[in-house]
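The values are calculated or read from the model by the stated rules, or taken from the named source; none is laboratory data. This is a predicted model, so every value here is computed, not measured. Because the Cβ atoms are built from the backbone with ideal geometry, glycine has one as well, and the counts that use them run over all protein chains shown. The area values use the complete protein model at the heavy-atom level, side chains included, leaving out ligands, DNA and RNA. Shrake-Rupley method; radii C 1.70, N 1.55, O 1.52, S 1.80 Å.
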Amino acid sequence: MLQYKHHPIYGVAIPGPERGWHCRGLVFEPDEKVREIQRLECSDLTFRTKKKAEEYALGLCRAWIDAHMAKSRDKV
């Protein structure tokens, strides 16, 4: 599990129905580190390797955190 802007994030590769991998990104609460606050799935994309799927999932997590933090700043 990696940290991004105080959030634990995790990229998961899920085997596709035939060949290839799909990705799932998980973002956890910064303080609790066990409560999942966002699950990001990309079942329409297929990756050739498990590593590529995991990397893409981590990118989804980072983008979600950045967008979520921007929305929080706009509310202030």
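If we keep just the residues of region 28-42 that are in contact with a Gly (Cβ under 9 Å, 6 or more places away or on another chain) and open to solvent by 80 Å² or more (accessible area, probe 1.4 Å), which is farthest from ASP66 (Cα to Cα)? By that ranking, first place goes to GLU41.
Can you tell me how many residues within region 1-27 are out of contact with any helix residue (DSSP H, G or I) (no Cβ under 8 Å at 6 or more places or on another chain), under 14 Å from ALA57 (Cα atoms) and surrounded by 14 or more Cβ atoms within 10 Å (Cβ to Cβ)? Adding up the residues that qualify gives 1. For region 43-53, a residue qualifies if it is assigned to a helix (DSSP H, G or I) and open to solvent by 60 Å² or more (accessible area, probe 1.4 Å), and the qualifying residues are LYS50, LYS51, LYS52.
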